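Student: If you scroll down you'll find the structure; I have some questions about it.
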């Protein structure tokens with residue numbers, strides 16, 4: 001079920017799974033010049049700072065005006081905006097990731113890791129994004145099956161070329177004794193076209209948003225590079241948020257159309273959630 005899948009993803013894939021650990025720190029009493037020249041930190045744009053056993057700030061290369069003096073005088077003092085809990089769901093972290101170039105990771109009451117843009121290239125992030133967009137596509141299919149259950153009802157919105165592609169794939173699978181319904185043989189772009197065809201009240205942003213979401217999915221699936229600078233990271237977060245908004249919109253439409261009945265539209269697809277289900281899922285585990 002969609003709700004349980006996303007809930008399991010939220011609690012199972014956490015910030016700690018992409019954090020860089022252990023934390024390599026300089027001292028408040030080190031000279032800025034020595035820290036920046038040290039081989040240990042040459043590749044880092046942000047260097048955590050400790051005083052004794054406590055992390056107290058971050059030395060940011062981009063913010064330095066000169067290299068004279070001690071780290072204590074040049075560092076950015078620690079504050080709440082720099083922190084994220086190790087156990088925070090990665091699904092939640094992605095919503096705020098564009099707000100900073102890095103976050104210090106708190107685990108067991110201590111700062112023991114850091115997350116930067118490069119960590120967003122790691123496998124757990126790709127899993128979260130790909131799963132979320134795949135669930136959106138499954139939901140799109142559920143909406144189509146609910147509003148237009150007969151294939152002839154939704155085929156009319158596809159071009160002749162796309163209809164032929166779907167039929168060819170369906171026939172090929174059928175010959176292999178692998179039965180799926182014809183809608184399963186459509187691509188993400190086909191489902192987008194079909195929904196736009198019969199849901200007349202969709203906003204004008206629907207097609208543009210879904211194209212961007214599909215582009216994000218393809219980049220993640222094919223191990224492409226993304227979020228290589230702050231501008232690209234902001235685009236990533238925006239695309240992820242658009243996927244969340246359209247998921248909520250389509251869930252609402254399906255719930256209203258089916259009366260919130262918790263039965264599967266088709267085998268292997270998602271279940272629609274009622275308001276009680278949503279409230280239960282949002283309670284802490």
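Throughout, read-outs are computed from the coordinates displayed, never taken from laboratory work. All values derive from a computational prediction rather than experimental measurement. Note that we place each Cβ from the backbone using ideal geometry, even for glycine, and neighbour counts take in every protein chain shown.
Student: Quick one: check the C-alpha center-to-center distance for the range 118-145 versus the range 50-110, whole angstrom.
Tutor: Taking the Cα centre of the range 50-110 as reference, the centre of the range 118-145 is 29 Å away.
Student: For the range 158-199, rounded, prolate or oblate, judged on the Cα gyration tensor with a ≥ b ≥ c (square roots of eigenvalues), a/c < 1.5 rounded, else prolate if a/b > b/c?
Tutor: It is prolate, given that a/c is not under 1.5 and a/b is the larger ratio.
Student: What is the helix-to-structure angle for 206-221, meaning the angle in degrees between its Cα long axis and the longest Cα principal axis of the chain, kept from 0 to 90 and rounded to the nearest 10?
Tutor: 60
Student: So how long is each side of the range 49-108 along the principal axes, counting just the alpha-carbon atoms, biggest first, in Å?
Tutor: 41, 26, 13
Student: Considering every Cα-Cα pair within the range 1-146, what fraction, in whole percent, is farther apart than 20 Å?
Tutor: Details: 5697 of 10585 pairs.
Counting pairs separated by more than 20 Å, the tail of P(r) holds 54 percent.
Student: Expressed as an acute angle from 0 to 90° and rounded to the nearest 10, what is the orientation of the C-alpha long axis of helix 160-175 relative to the principal long axis of the chain?
Tutor: 90
Student: Rounded to the nearest whole Å³, what is the per residue volume of the convex hull around the Cα atoms of the range 9-79? Don't skip to the end; give the middle numbers.
Tutor: Working: hull volume 8.2 nm³, N = 71.
Cα-based convex hull of the range 9-79, divided per residue, equals 116 Å³.
Student: Could you grab the Rg to Rh ratio for the range 123-282? Cα atoms only, Kirkwood for Rh.
Tutor: Numbers: Rg = 16.5 Å, Rh = 16.9 Å.
A ratio of 0.98.
Student: Another question, if that's okay. Could you bin all the Cα-Cα distances of the chain into 10 Å bins starting at 0 and give me the percent of pairs in each, rounded to whole numbers?
Tutor: Percent of Cα pairs in each bin: 6, 24, 27, 20, 12, 8, 4, 0.
Student: Now for a separate question. Return, ordered by residue number, the residues of the range 5-36 whose backbone nitrogen is under 20 Å from a label point located 7 Å along Cα→Cβ of residue 107.
Tutor: So the set is 9-26.
Student: Only bridges whose two residues both fall in the chain count here: according to DSSP, what percent of them are antiparallel, nearest 5?
Tutor: DSSP beta bridges in the chain are roughly 75 percent antiparallel.
Student: Same structure, new question: Most exposed first by the Cβ proxy, i.e. fewest other Cβ within 10 Å, how do 41, 246 rank?
Tutor: Values: 41 19, 246 22.
Result, fewest neighbours first: 41, 246.
Student: Rounded to the nearest 500, what is the 222 nm mean residue ellipticity of the chain from helices alone, with -39500 (n - 2.57) per DSSP H run of 4+ residues and division by all residues? Intermediate results must be reported in sequence, preceding the final value.
Tutor: On the way: 11 runs with 138 residues, N = 285.
Value at 222 nm, helices only, nearest 500: -15000 deg cm²/dmol.
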